[in-house]
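The values are calculated or read from the model by the stated rules, or taken from the named source; none is laboratory data. Not measured: the values here are computed from a predicted model. Here Cβ is always computed from backbone atoms with ideal geometry, including for glycine, and neighbour counts include all displayed protein chains. Quick note on the areas: whole protein, heavy atoms, side chains included, nothing else; ligands and nucleic acids left out. Shrake-Rupley method; radii C 1.70, N 1.55, O 1.52, S 1.80 Å.
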Amino acid sequence: MLNRLFRFLAPPAASPSGDEEQQPVPDHRNDAALADFVRLITRHLGEQTAEALVQEVLTSDEEPLYALRFENYGDGGIRVIIDVDWKAYDEIDWQADVLLAGRGIEERWQWEMPEDRRQRTVINALKSLERWLQPHGLALLHIDSGGDDYQAFFVERDLAGKAIELGVAAGLAVCSHRDFLIRQQDEDAQPG
């Protein structure tokens with residue numbers, strides 16, 4: 001918990017990834033960018049559903065990040081983001097399965113949990129998921145809520161830069177997986 005506080009108080013690290021520039025998040029909501037962002041991350045669900053979800057987010061009383069949970073959409077809700085507490089590594093499996101099923105991917109990711117309990121963390125589970133997504137042509141992106149929870153979603157790798165750009169323009173702190181690891185001060189994010 002103290003690590004998160006120190007990371008919060010530390011100045012932002014420069015992005016050595018080279019593929020995406022870390023962009024400052026605007027302090028206001030841009031509805032056009034938000035609509036385009038939602039369309040992009042829900043396009044795999046079909047145009048009609050994507051448009052309905054755009055309207056759901058734009059008309060919600062909740063902050064956009066929480067509206068993206070789509071818990072009240074349709075009969076049982078629809079999931080397009082992984083949303084877990086900082087210590088709920090065991091909640092990622094089923095959420096990833098739902099996201100994969102929504103994309104028509106039958107194969108399921110399963111985290112081989114480390115024997116060492118200290119290695120059983122959300123960050124380690126997300127690193128494993130990101131490696132698993134690569135051969136499927138998907139990139140794991142993150143949205144920083146500013147709290148002690150984690151939100152992640154995946155898009156086609158060739159659309160990752162556009163998703164980050166639109167998310168940031170919409171007022172969401174969207175970043176690549178590598179930038180997420182840098183923000184978490186994870187040693188796997190360091191170049192070399």
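For residues in segment 142-162 being in a strand (DSSP E or B) and of a type outside the set (F, W, Y), which is most open to solvent (accessible area, probe 1.4 Å)? Step by step, filter segment 142-162, then rank; the result is D144.
Residues checked against (1) of a type in the set (A, V, I, L, M); (2) in contact (Cβ under 8 Å) with a residue 24 or more places away in the chain; (3) farther than 27 Å from R178 by Cβ:
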position	(1), (2), (3)
T42	no, yes, no
V54	yes, no, yes
P64	no, yes, no
R79	no, no, no
A101	yes, no, no
R120	no, yes, no
A139	yes, yes, no
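Of the residues making up segment 102-121, not a single one is modelled with pLDDT of 90 or more and in contact with a strand residue (DSSP E or B) (Cβ under 7 Å, 6 or more places away or on another chain). Residues in segment 91-122 that are assigned to a helix (DSSP H, G or I) and open to solvent by less than 30 Å² (accessible area, probe 1.4 Å) were compared, and the one that is farthest from E47 (Cα to Cα) is V122.
For segment 165-187, the criterion of being within 30 Å of E47 (Cβ to Cβ), surrounded by fewer than 15 Cβ atoms within 10 Å (Cβ to Cβ) and either in contact (Cβ under 8 Å) with a residue 24 or more places away in the chain or touching a helix residue (DSSP H, G or I) at 6+ places or on another chain (Cβ under 7 Å) (or both) is met by none of the residues.
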